[in-house]
Amino acid sequence: MNLRTQGFDELDELYKEIILDHYRAPRHSQLLQDPDAEVEAANPFCGDEITLHIKVDNGTLSEIGLSGHGCSISQSSGSMMAEMVEGMSVEEVRELAGLFKKLMTGEELSEDEMEELGDLEALQGVQKFPVRVKCALLAWSALEDAFRQLENGS
Ligand code: ZN
């Protein structure tokens, strides 16, 4: 049996590097002192857990902190998310979340859309493993919950 049959071609190797880099050195892993919204999320199928803190000023996600533990897919996806969304408007973040969901559900994305996803592209192989898609989306659904909290003023 050769490795190729398991899908470890060169591109996958590159993607794996990106994923492991985020997993080993997660970005924005400090929780915030005084968050506007705080969400704890878990994926019991895999044992992934994350705590998400955000600050939103005038419709812009000004600060994000994400701490957690679990598999490399869940943690690296959260790290990539945190790295990308800080400084974006809530609307832009939601658009990005929508694109990432499209990627995870195996929908066709345009070249421009792929570009917008940046490092997240590295997670596209996850779409072949429905159980792991939950891992990849954990941080993103936590972020949506945080936005919802703020909208409801709670
Ligand atoms: Zn997981």
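Just want to confirm a number: the relative contact order over the range 1-137, from Cα pairs under 8 angstrom separated by 6+ residues, in percent. Please list the in-between numbers first.
On the way: 199 pairs, mean separation 32.9, N = 137.
Relative contact order for the range 1-137 comes out at 24 percent.
Using a 1.4 angstrom probe, figure out how much accessible area the chain has per residue, in square angstrom, rounded to the nearest whole.
Working: 8650 Å² over 154 residues.
Accessible area per residue, the chain: 56 Å².
More than 19 angstrom separation, counting every C-alpha pair in the range 74-154; what % is that? Please report the intermediate quantities before stating the final value.
Values: 1052 of 3240 pairs.
It works out to 32 percent of all Cα pairs.
Report, in degrees rounded to the nearest 10, the 0 to 90 angle that the Cα long axis of helix 10-24 makes with the longest principal axis of the chain.
40 degrees
Considering only protein heavy atoms and a 1.4 Å probe, what is the carbon-and-sulfur percentage of the accessible area of the chain? Kindly include the intermediate steps, with their values, before the conclusion.
Details: 4070 of 8650 Å².
Whole-percent figure for carbon plus sulfur exposure: 47.
Roughly speaking, what is the centre-to-centre gap between the range 82-154 and the range 57-71 when only Cα atoms are used, to the nearest Å?
13 Å
The values are calculated or read from the model by the stated rules, or taken from the named source; none is laboratory data. None of these values were measured; they are calculated from a predicted model. For the accessible areas, the whole protein counts, side chains as well, though only heavy atoms, and no ligand, DNA or RNA atoms are used. Shrake-Rupley method; radii C 1.70, N 1.55, O 1.52, S 1.80 Å.
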